[in-house]
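Working notes for the structure below.
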Number of protein chains: 2
Amino acid sequence: MSIARGRFVTFEGGEGAGKTTQIQRAAQWLRESGIEVVLTREPGGTSRGEQLRKILLERNEEPMPQSCELLLMFAARATHLANLIEPAVARGAWVLCDRFTDATYAYQGGGRGIPTGDIDALVQIVHPHRQPDRTVLLDLPVAAGMARAHLRNGTDGPDRFESERVDFFERVRQCYLDRAARDPARFRIVDAGGDVEQVAVAVRASRPAVPARTAT
Amino acid sequence: MSIARGRFVTFEGGEGAGKTTQIQRAAQWLRESGIEVVLTREPGGTSRGEQLRKILLERNEEPMPQSCELLLMFAARATHLANLIEPAVARGAWVLCDRFTDATYAYQGGGRGIPTGDIDALVQIVHPHRQPDRTVLLDLPVAAGMARAHLRNGTDGPDRFESERVDFFERVRQCYLDRAARDPARFRIVDAGGDVEQVAVAVRASRPAVPARTAT
């Protein structure tokens with residue numbers, strides 16, 4: 001029997017879309033089907049990737065230029081791909097990854113206005129031939145996502161700072177939807193507005209096909 | 001009186017070329033001339049830059065993909081430029097920097113064979129409009145540089161591993177010389193084979209011109 005190549009599945013979506021919950025649910029049912037699952041995230045995923053995540057997220061008196069942030073994201077991605085994602089897929093595992101390059105286009109590109117051509121150039125350097133086999137986009141109107149995030153964080157509602165950020169998240173969402181529209185073979189848009197069970201069913205339906213194993 | 005814009009001067013060269021000694025000598029005589037000097041290095045120079053330098057140089061069980069190394073170099077460069085080099089030059093200081101982008105072309109490009117087009121793309125993202133005002137290339141035949149490095153490190157001579165690296169350093173040197181030949185207005189090639197005083201005199205002669213200050 002030949003061993004089926006694994007799958008690389010990414011989960012994308014804005015704040016409050018339920019990525020964390022849904023990626024864990026997906027891992028659970030794949031494991032129950034006897035599939036080796038590797039759950040990972042970006043930025044991060046490996047020892048060096050997590051070091052870089054810390055630098056990306058920490059508060060620091062030294063301002064972070066946009067280009068520095070962008071390059072650190074892709075540096076973390078390069079080591080994540082070489083040392084975790086590619087070996088796992090090669091041995092037949094399904095890698096479920098919380099955010100990937102689409103998030104860079106959505107947040108750094110759509111949200112912050114970094115030129116798409118710069119991101120394209122980095123894709124050519126870091127993963128010219130690797131795309132996710134499937135990208136599950138958990139989509140939710142920005143207001144609904146923010147309300148959920150507030151519920152989770154136990155706060156009343158958006159403060160002034162967050163209200164100003166609505167525009168930012170609208171651009172992020174639009175960029176995700178535009179990318180999904182341009183690559184329907186890879187993307188599945190899942191309405192993240194239902195309850196956890198409903199969304200989990202839709203996510204499950206959006207999994208990539210498993211090829212029939214070749215008989216020996 | 002208008003304040004003269006500062007200068008950005010980079011020092012390049014292979015192993016044993018004497019960069020560290022010469023950059024300190026240059027800083028000394030510039031300071032004696034009443035110029036504010038900022039001595040810095042790459043990768044590094046700022047708090048975040050030094051964090052990234054540590055990640056670049058540390059031994060780690062996780063292999064470092066070439067693309068990761070390249071992006072970390074330019075990420076460090078982005079924060080170094082924005083938070084140290086550009087503000088210093090803007091206030092009139094002379095920034096003397098131990099290695100810069102030419103080193104990336106020489107070591108990652110010439111030495112390791114990373115495509116020059118990848119490095120060009122990162123230059124376009126990180127510093128499309130910024131070049132050093134002057135680059136001092138301390139040039140030395142590879143064998144002479146390695147002999148000096150051994151003297152400094154108190155070892156007998158090149159071991160097997162280092163002998164294999166002679167080819168690498170030859171490619172690095174050739175890349176530096178090629179870049180200098182293509183941009184003679186920016187580069188000064190200094191023969192690093194003489195004694196410290198001789199080289200210091202040649203470095204001094206290669207400093208960029210200081211424009212006459214405009215009288216008010």
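The values are calculated or read from the model by the stated rules, or taken from the named source; none is laboratory data. The structure presented is a predicted model; accordingly, all values stated were derived computationally and were not measured. Cβ coordinates were reconstructed from backbone atoms using ideal geometry, including for glycine residues, and neighbour counts include every protein chain displayed. These accessible areas exclude ligands, DNA and RNA; they are computed on the full protein's heavy atoms, side chains included. Shrake-Rupley method; radii C 1.70, N 1.55, O 1.52, S 1.80 Å.
In this view, the solvent-accessible surface of A:Glu58, computed with a 1.4 Å probe and all protein chains in place, comes to about 60 Å². Note on B:Lys54: lysines with a C-alpha under 17 Å away, same-chain residues under 8 apart excluded, are A:Lys54.
Across the identical copies, the 7 Å label point of B:Ala144, projected outward along Cα→Cβ, sits 7.3 nm from its counterparts, in ascending order.
Let me have the 222 nm mean residue ellipticity of the protein assembly as shown computed from DSSP H runs of 4+ only, each contributing -39500 (n - 2.57), with the sum over all residues rounded to the nearest 500.
Numbers: 16 runs with 202 residues, N = 432.
Computed mean residue ellipticity for the protein assembly as shown: -14500 deg cm²/dmol.
With label points set 7 Å from Cα along Cα→Cβ, the inter-copy distances at A:Asn60 are 1.4 nm, sorted shortest first.
A compact globular protein would have a Cα radius of gyration near 2.2 N^0.38 Å; the ratio found for chain B is 1.04.
The modelled label-to-label distance for the pair B:Asn153/A:Trp29, using points 7 Å beyond Cα in the direction of Cβ, is 5.7 nm. Give the residues of region A:137-155 whose amide nitrogen is closer than 19 Å to a point set 7 Å from the Cα of A:Gln174 in the direction of its Cβ. Counting backbone N atoms under 19 Å from the label point, the list is A:139-146. Based on protein heavy atoms only, region B:26-137 ends up with 38 Å² per residue of surface accessible to a 1.4 Å probe.
The alpha carbon radius of gyration of region A:55-98, expressed as a multiple of 2.2 N^0.38 Å, is 1.52.
Of B:Ala26, B:Phe100, A:Gln51, which is farthest on the positive side of the dipole of the protein assembly as shown, counting Cα position, with +1 on Lys and Arg Cβ, -1 on Asp and Glu Cβ, and the Cα centre as origin? Ranked along the dipole, the leading option is B:Phe100. Here is the size of region B:1-106 from its Cα atoms: Rg then Dmax, 15.1, 57 Å.
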